[in-house]
1. State all residues of the stretch B:40-53 that are in a helix (DSSP H, G or I), open to solvent by 50 Å² or more (accessible area, probe 1.4 Å) and over 22 Å from A:A12 (Cβ atoms); if no residue qualifies, say none.
2. In this structure, does B:A67 turn out to be closer than 30 Å to A:M47 by Cβ, facing another protein chain (nearest Cβ under 7 Å) and at pLDDT 80 or above?
3. Quick check on this structure: which one of B:R94, B:R56 is open to solvent by 10 Å² or more (accessible area, probe 1.4 Å) and either free of Cβ contacts under 8 Å to residues at least 12 places away in the same chain or over 30 Å from A:M15 (Cβ atoms) (or both)?
4. Need the failing condition index for B:T25 against (1) more than 7 Å from every other protein chain (Cβ to nearest Cβ); (2) open to solvent by 30 Å² or more (accessible area, probe 1.4 Å); (3) among the polar types (S, T, N, Q), just the number.
5. In the set A:P223, A:P261, which member is out of contact with any Pro (no Cβ under 7 Å at 6 or more places or on another chain), in the same structural domain as A:L171 (by TED's automatic domain parsing), in a loop (DSSP other than H, G, I, E, B) and at pLDDT below 90?
6. Scanning the stretch A:281-294 for residues that are more than 12 Å from A:G249 (Cα to Cα) and more than 9 Å from chain B (Cβ to nearest Cβ), which turns out least open to solvent (accessible area, probe 1.4 Å)?
7. Restricting the search to the stretch A:13-31, which residues are in contact (Cβ under 8 Å) with a residue 60 or more places away in the chain and within 11 Å of chain B (Cβ to nearest Cβ)?
Amino acid sequence: MSVLWPIYLAIALVMLRLGWRRFSAGDQAGTAFWTVLAILFVAADWMPPAVVGGGLLLVGVLSALPQGKLETLIKTVQASEPRTTVLRPALLIPLLTVALMLIAKTVQWQGQPLLDATQATLYGLACSVLLVWWATSFTWRVSPRLGFESGVEVLDRLGWAAVLPLALATLGAVFAKAGLGVLVSDLVRLAVPADSGFLLVVAYALGMAVFTMVMGNAFAAFPVLSIGIAVPLLIQGQGYAAAPVVAIGMLSGYCGTLMTPMAANFNLVPAILLELKDRNAVIKAQAPTGAALLIVNILLIYFLAKPA
Amino acid sequence: MDFWPALGLLVLIAGLALRLQPMLTVLSAGLVSGLAGGMSLIDILNTLGEAFSRNRFLAILILTLPAIALLERLGLREHAERFIRGLRQPSFARVLIPYLAIRQIFAMLGLTSIAGSAPMLPAPTTSVCFLAKTCSWRLVRYC
């Protein structure tokens, strides 16, 4: 059982509630989508991986079925008093997260730290949002259900976008096992003369950006292109310094992140949460920066890592 | 050279270009790529399942929704706007530089894995959108 299981359970509860509301609205595909996801979240630790994978494919199919519209459950909102500001609890979330994370890191069990850095951060965030939710409900004298049901409604608006990063992470794993990295390496060897350091740098940085745009995540692109191009051709082949090549190579991947709808949690979810008219507004605003940074990164790798 | 694994990439790009359901497109791309790369179906399902279990934490965004949605209901956006309006000579720099400085400090403390994701963004992003309106910046059409 994963040490993060309580967090998964809490996530599953929100999903189950949305599934239940979809059921009440008579929407079978939506009900099944959220219910299966919730079950996978809670029970994946005890199921054979192949069954989890099958469940995930089922979720994919369910997401493509026509889903009914859900009407808003809570229509009346009490107007907030002008003197009290909700900015304070909003700012409390990141502050509490940091504080709780630093505490969680020090928790030990039989002389061993209980949580690694990522887990401590996740627990910090989970506890801080629950605390802020509870404290805000208490201070503003509204039922905690208002926040919960509103959150479920936001999840309904997000829909599949909320779990797309997860699907992409699984895609990266399959791509790696299917041998895509080897293919990339072979192609670059064919297309780029092996003695041209600059073109290899361009191929690596550009490849990181493009792969990240397709896969939505620089971490998925990094092993494919670093094993394919950076290590064999640049570092071993040309004697480039490893640290600047891979560090700035990762940064080149993030340039791709700025320019792709596949990085849903950065580029789509905020646009939906803020109810922007144009879903691609975030990407349009970021693309020039991403392109400019990519060019700078290519030059940086070339001039910083090139052997003297 | 074995071109078959790239078939999944083609499926992914074609599916997105044709605006098919992204979840289904992504998962089909994995399935196609695995089969074309010579993996057995059970192998692919195992890989999918393991990757899902390992990366479940990516969905922590969902857990933040009750708090965020509650604050929105109580008027977070209006309050952010009022806050910005109260600043003397609001400008992108005056809002963004402190915000980015705070993000940098948080990252230094080790908040790297989540500091960039959506729950950390709404307040500052709304502020920027509002700024865009007041400064009649060209971003205004996005807001």
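1. B:L41, B:I42, B:D43
2. In short, no.
3. On the way: B:R56 fails: open to solvent by 10 Å² or more (accessible area, probe 1.4 Å).
None of the other options fit; the residue is B:R94.
4. Failed condition: (2).
5. Answer to the selection: A:P261.
6. Let us first name the residues in the stretch A:281-294 that are more than 12 Å from A:G249 (Cα to Cα), namely A:281-292.
Imposing the further condition that a residue be more than 9 Å from chain B (Cβ to nearest Cβ) reduces the set to A:283, A:286-292.
Values: A:I283: 19, A:Q286: 48, A:A287: 33, A:P288: 79, A:T289: 75, A:G290: 0, A:A291: 46, A:A292: 53 Å².
Per the criteria, the residue is A:G290.
7. A:V14, A:M15, A:R17, A:L18 - these are the residues of the stretch A:13-31 that are in contact (Cβ under 8 Å) with a residue 60 or more places away in the chain and within 11 Å of chain B (Cβ to nearest Cβ).
Matching residues to (1) facing chain B (nearest Cβ under 7 Å); (2) in a helix (DSSP H, G or I); (3) at pLDDT 85 or above:
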| site | (1), (2), (3) |
| --- | --- |
| A:P165 | yes, yes, no |
| A:V174 | yes, yes, yes |
| A:V188 | no, yes, yes |
| A:V201 | no, yes, yes |
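The values are calculated or read from the model by the stated rules, or taken from the named source; none is laboratory data. What you see is a predicted model, and the numbers here were worked out from it, not measured in a lab. Counting neighbours? That spans all protein chains shown, and the Cβs are built from the backbone with ideal geometry, glycine included. These area figures cover heavy atoms from the full protein model, side chains too; ligands, DNA and RNA do not enter into them. Shrake-Rupley method; radii C 1.70, N 1.55, O 1.52, S 1.80 Å.
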